[in-house]
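K.L.:
Supplied in structure tokens, the structure appears directly below.
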Amino acid sequence: MKGLIQRVSHARVDVNGESVGAIDGGILLLLGVEDGDDRDSADKLLHKVLNYRIFGDDRGRMNLNVQQAGGGLLVVSQFTLVAETARGLRPSFSRGATPQQAEQLYDYFVAQARDQFSPVASGVFAADMQVSLLNDGPVTFLLET
């Protein structure tokens, strides 16, 4: 499982011109599910996302996690994160989970996030989404389990 996290001042995801999820400051997570991922992978990644220290403390050092910083979490499914790009000029998605497996793990991830943290917003799995954000820093990390 891969998660691209971005520290944001605000982020929003729209589907068909309507906002389906938004946060003020916090983390935008683009979530990719690979073949072989399971609930344990999701739990490990969620723990990392919620505890990764990417927010500044009173000295400006990255010592605070999203909870300590009082931010939100916006989770957006992003199957292109699991693409193989080392060879050629066209991405291969052979490492990706099936759509059914990916949707189940995405839904599980979002449900677990909402059980452990607030506020949590999300996109719509497999929808054509438009994501708007103001990356703060910019600060972006790729997390993997």
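Derivation of every value follows stated rules applied to the coordinates shown; laboratory data play no part. Computed from a predicted structure; not experimentally measured. Neighbour counts run over all protein chains shown; Cβ positions are idealised from the backbone, glycine included.
K.L.:
Can you give the Rg to Rh ratio for segment 4-74, taking only C-alpha atoms and Rh from Kirkwood? Before the final figure, lay out each step's value.
P.N.:
Values: Rg = 13.8 Å, Rh = 13.3 Å.
A ratio of 1.03.
K.L.:
Here's a follow-up. Can you show me the helix-derived [θ] at 222 nm for the chain, built from DSSP H runs with n ≥ 4 at -39,500 (n - 2.57) apiece and divided by the number of residues, rounded to the nearest 500.
P.N.:
-7500 deg cm²/dmol
K.L.:
Further question on the same structure: Taking every DSSP beta bridge with both residues inside the chain, roughly what % is antiparallel (nearest 5)?
P.N.:
Bridges in the chain that DSSP calls antiparallel: roughly 75 percent.
K.L.:
Still on this structure: Would you mind pulling out the separation of the Cα centroids of segment 1-23 and segment 62-98, in Å?
P.N.:
12 Å
K.L.:
In what sequence do Met1, Met62, Met129 fall when counting other Cβ within 10 Å, fewest first? Let's see the in-between values first.
P.N.:
On the way: Met1 27, Met62 14, Met129 17.
Exposure proxy ranking, most exposed first: Met62, Met129, Met1.
K.L.:
If you don't mind, another one. Two decimals, Cα atoms only, Kirkwood Rh: what is Rg/Rh over segment 60-121?
P.N.:
Here the Rg-to-Rh quotient is 1.12.
K.L.:
Where does segment 1-123 land on Rg/Rh, using Cα atoms and the Kirkwood Rh? Write down the numbers at each step before the final one.
P.N.:
Working: Rg = 15.1 Å, Rh = 15.1 Å.
We get a ratio of 1.00 for segment 1-123.
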